[in-house]
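The block underneath contains the structure these notes are about, expressed in structure tokens.
What follows is calculated from the coordinates using simple rules that are stated; it is not laboratory data. Please read these numbers as outputs of a predicted model, since none were measured by experiment. Backbone-built Cβ (ideal geometry, glycine too); neighbour counts: all protein chains shown.
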Amino acid sequence: MSHGRVIKVECRCGFLVCKYFKGGRGRLIKCFLDEITHDNAGVAGQPLDARPTCPGCGKELGVVKLIHGRPALKINQGTIRETRI
């Protein structure tokens, strides 16, 4: 892989959704499903146009779309927060 870091992706309720390899700077807008290293919410196995929810509080995390030819979770910004490991 290229340069980057692994971050924790958490719901606002505090539930650890996944650990993700983030390659660039800035906000977390999308999570490519093949770069999720540890999945607690079952996001990585979702089909396209699925809307996964947080197991802790039931809020919708985003929608799975095809971005740049790869499946990715397009994140709802009010639901997710990222934390550096």
What dipole magnitude, in Debye to the nearest 20, does the chain give about its Cα centre under +1 on Lys/Arg Cβ and -1 on Asp/Glu Cβ? 360 debye
For Ile67 paired with Ala50, estimate the spin-label separation in nm (one decimal), with each label point 7 Å from Cα along the Cα-to-Cβ line. 1.7 nm
Given backbone amide H placed at 1.01 Å from N, residues whose amide H is under 5 Å from that of His38, ignoring those fewer than 5 places away on the same chain, are Lys19
Can you work out ³J(HN,Hα) from phi for every residue in the range 46-53, in order, using Karplus 6.51 cos²θ - 1.76 cosθ + 1.60 and θ = phi - 60°, giving whole Hz and x for Gly and Pro? 7, x, 4, 6, 7, 10, x, 10
Give a residue-ordered list of calculated ³J(HN,Hα) values for the range 6-17 (Karplus: 6.51 cos²θ - 1.76 cosθ + 1.60, θ = phi - 60°; whole Hz; x for Gly, Pro). 9, 10, 8, 9, 10, 6, 5, 7, x, 6, 6, 6
Equivalent ellipsoid, the chain (semi-axes from 5 times Cα gyration tensor eigenvalues, Å): 18, 16, 11
For the range 63-70, just list the computed ³J(HN,Hα) in residue order, Karplus coefficients 6.51, -1.76 and 1.60, θ = phi - 60°, integers in Hz, with x standing in for Gly and Pro. 9, 8, 10, 8, 10, 6, x, 10
Would you mind ranking Cys18, Cys13 by Cβ crowding within 10 Å, fewest neighbours first? Cys13, Cys18
